[in-house]
Amino acid sequence: MAIYDSQLTVVALYLLIIIAIYSAKFITPLNELLQYGKTVSQDVREHARLENNLIKQTIGFISKYFVVPKAWFVHFYITLFALSSLIFLASFNEPISSDPEKFKNLILIHRLLWVQGIRRLTECLTITNFSKTSKMNVSHYVVGLSHYILVTWATYLGLSTYGSHQVPNNYTVFDIVLIIGFAICSLLQFQAHYHLSTLVKYTLPDFNFVSSPHYFYEILIYTILLSFAIKDGFDMVSVTFFTAWLFVISNLSISSLETFSYYQKKYKEEFKLKWAVLPGIL
């Protein structure tokens, strides 16, 4: 029961964060909280200073002064790597339900998240060029950090639900296809991040199809993780990963729309892409 209650907590927290993200997008006074890095303009800062409306003044004050360095993005991947590494030390000898196949799926999710944490942390430390002046609102920082805590917590709870004494190695063809898909998406995301790192800050990247392919590949990566969580039956473990996936697709879709709008306003006719993150959809 304690595990089930914890899983409900993960789901509830994810849903609250998702509601907060959509509120910031569709409630006009909160829009400024979505902006960070290149999408924050001097006009927005000046508007926040001059706005007479008390609510908008408050939001403007928060968006201007409640900020942290964008370089703190690295904390997200330190958290993911550290918490995923701690799971290696855990034992899962008293599962609620003995299901070797679902336990195998959770093991694979854990290993892939651990690899994702190592890769993204390495990228942040070696190729990402964080401007010393680039900031993000503290709300972005809290949301990002919360996600990586919640997704590793969901993984631990899933392993605790279906744990066993042995790590299974009976991989199916579908398992292998998903793992290969994860590797391809990781490589393509790395290429997109590397391309961004070679640009002069805030210049127009040379991407095809969508303006934020790194977000597109992140969505695919979490779709692969969700596939492992649901392919042998939908249960409470699956629900936790579904809400994690829903958070990722919501958060990155809205972020990509902000970036798309920035490119349209700044580069006008020079910017020719039709899609922000999901080809043919968004």
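Nothing in this text is a laboratory measurement; each read-out follows from the coordinates by a stated rule. Predicted model, so just to flag it, every value in this text is computed and none were measured. Here Cβ is always computed from backbone atoms with ideal geometry, including for glycine, and neighbour counts include all displayed protein chains.
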> Using the per-residue mean of other Cβ atoms lying within 10 Å as a proxy for protection, in what order, highest first, do the peptides 9-22, 189-202, 232-245, 146-159 fall?
Replying inline: 146-159, 232-245, 9-22, 189-202
> Lysine pairs, Cα distance under 17 Å, 8 or more residues apart or cross-chain: how many in region 2-270?
Replying inline: 21
> Could you state the number of Å between the C-alpha centres of region 207-282 and region 160-202?
Replying inline: 16 Å
>> Amide H of Ala276 versus every other amide H placed in the peptide plane: which residues, excluding those fewer than 5 positions away on the same chain, fall under 5 Å?
In response: Ser211, Leu282
> Hey, what number do you get for the chain at 222 nm if only DSSP H runs of n ≥ 4 count, each worth -39500 (n - 2.57), divided across all residues, to the nearest 500?
Replying inline: -23000 deg cm²/dmol
> What ranking, highest mean first, results for peptides 125-132, 80-87 when packing means the other Cβ atoms within 10 Å averaged over each residue?
Replying inline: 80-87, 125-132
> Karplus couplings for region 176-185 from phi (6.51 cos²θ - 1.76 cosθ + 1.60, θ = phi - 60°), rounded to Hz, Gly and Pro as x?
Replying inline: 5, 4, 5, 5, 5, x, 4, 5, 5, 4
>> Quick query: amide H of Val67 versus all other amide H atoms, modeled in the peptide plane; which residues come in under 5 Å with a sequence gap of 5 or more or a different chain?
In response: Val138
> In whole percent, what relative contact order does the chain give with Cα contacts below 8 Å and a gap of six or more residues?
Replying inline: 26 percent
